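Novice: One structure coming up, written as structure tokens, with questions to follow.
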Amino acid sequence: MADNTNTGSGTGAGTGTGAGTGTGTGTGTGTGTGAGTGAGSSPGASRRALLLAAGTAGAAAVLAGACAAPATTRPTAGQPSAPPAPPAPTTAGTTTAPACVLAVRAGAGPYYLDVGLVRSDITQGRDGVPLRLDLTVVRVPDGCRPLAAAGVEVWHADAAGNYSTGKDTFLRGTQITDRTGRCVFHTIVPGWYAGLAPHIHFKVRPDTHTETTSQFFFPEDLLTKVYTRPPYTRRTPPAHPNTRDSRYRAAGTTMTLPLTPHHNGYHATYTIGIT
């Protein structure tokens, strides 16, 4: 699968200082000094850019029970969002997600299927290291207001690097965000294929007219540990599953999931902000 990616970032800062002093003696003299400086920059954010902010440990606890019950409706697909400007680099291979950075837009790839399955557990009998993925969708221009009734769809390969096709629907599903903008997926850590870094595709549909498509990556040191466990050991894993992929080198530091141990698998929490 070949996906094209673009990156984006935006920052803004402003400071100001001022001081004044005065002294007087005899008939009265006085001196005074004052200084002030200010600097700021605020590039206009793309209207359709996707902002991803890392969830905190406290947020992860709050999200633990989000979207346990499946919804019954989903938004329809619209047009993909425009790519934002390049993001500032962060340290790769950590379990801490970057905060307040614009996401990379990515293509849906050749294995996307609009199957319309609204469900939280998407494993459908596929073996692998368990992964709980907690997501929150917010409206950034509205002060990061939680967005209810947004469709969030995910799909990815199984431990052998295979996608469901035809009548198969494993490792695919959609959740509708609750009134707090939250939803949860139960899946597995994906395997590798075709020289690409292991990844999870996702779409966010805030309404019936628009959608944003992107993908999550994984810390490489974690992948090398996971791939020593069955069923991944049925194949010989690549020595460097991420860095051989130019897409990961361009966007992985922004789009890498923060993973923490969870039961016999892992847990990741991400906040998806849309404009």
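Novice: Could you tell me which of the residues ASP168, ASP127 is assigned to a loop (DSSP other than H, G, I, E, B), more than 18 Å from the chain's Cα centre (by Cα) and touching a residue at least 60 places away in the same chain (Cβ under 8 Å)?
Specialist: None of the other options fit; the residue is ASP127.
Novice: Looking at PRO206, PRO237, can you tell me which residue is modelled with pLDDT under 95, open to solvent by 10 Å² or more (accessible area, probe 1.4 Å) and closer than 16 Å to VAL137 by Cα?
Specialist: PRO206
Novice: Another question about this same structure. Please work out which residue is most open to solvent (accessible area, probe 1.4 Å), limiting yourself to the stretch 209-234 and to residues that are in a loop (DSSP other than H, G, I, E, B) and within 30 Å of PRO146 (Cβ to Cβ).
Specialist: HIS209
Novice: What is the number of the single condition among (1) within 22 Å of ALA160 (Cα to Cα); (2) polar (S, T, N, Q); (3) over 13 Å from the mean Cα position of the chain (by Cα) that THR260 does not meet?
Specialist: Of (1) within 22 Å of ALA160 (Cα to Cα); (2) polar (S, T, N, Q); (3) over 13 Å from the mean Cα position of the chain (by Cα), only one is false for THR260: (1).
Novice: Then there's this: Inside the stretch 120-129, can you point out the residues that are buried (at least 16 other Cβ atoms within 10 Å of the Cβ) and closer than 27 Å to THR254 by Cα?
Specialist: Those that are buried (at least 16 other Cβ atoms within 10 Å of the Cβ) and closer than 27 Å to THR254 by Cα: SER120, ILE122, THR123, GLY128, VAL129.
Novice: Looking only at residues in the stretch 240-254 that are among the basic types (Lys, Arg) and part of a helix (DSSP H, G or I), which one is surrounded by the fewest Cβ atoms within 10 Å (Cβ to Cβ)?
Specialist: ARG249
Novice: Mind listing whichever residues of the stretch 238-275 are free of Cβ contacts under 8 Å to residues at least 24 places away in the same chain and among the hydrophobic types (A, V, I, L, M, F, W, C)?
Specialist: Correct list: ALA239 only.
Novice: State yes or no: is PRO141 in a loop (DSSP other than H, G, I, E, B) and open to solvent by less than 20 Å² (accessible area, probe 1.4 Å)?
Specialist: No; evaluated as a whole, the condition is false for this residue.
Residue by residue, here is whether (1) in contact with a strand residue (DSSP E or B) (Cβ under 7 Å, 6 or more places away or on another chain); (2) of a type in the set (Gly, Ala, Ser) holds:
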position: GLU153; (1), (2): yes, no
position: GLY161; (1), (2): yes, yes
position: SER164; (1), (2): yes, yes
position: THR169; (1), (2): no, no
position: ARG172; (1), (2): yes, no
position: THR177; (1), (2): yes, no
position: GLY181; (1), (2): yes, yes
position: TRP192; (1), (2): no, no
position: HIS199; (1), (2): yes, no
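Novice: Oh, and also: Any chance you could count how many residues in the stretch 188-203 are closer than 23 Å to ASN264 by Cβ and open to solvent by less than 10 Å² (accessible area, probe 1.4 Å)?
Specialist: Summing the residues that are closer than 23 Å to ASN264 by Cβ and open to solvent by less than 10 Å² (accessible area, probe 1.4 Å) in the stretch 188-203 gives 7.
The values are calculated or read from the model by the stated rules, or taken from the named source; none is laboratory data. Since we're looking at a predicted model, the values are computed, not measured. For neighbour counting, all protein chains shown are included, and Cβ atoms are generated from backbone atoms with ideal geometry for every residue, glycine included. In case anyone asks, the SASA skips ligands and DNA or RNA and just uses the protein heavy atoms, side chains included. Shrake-Rupley method; radii C 1.70, N 1.55, O 1.52, S 1.80 Å.
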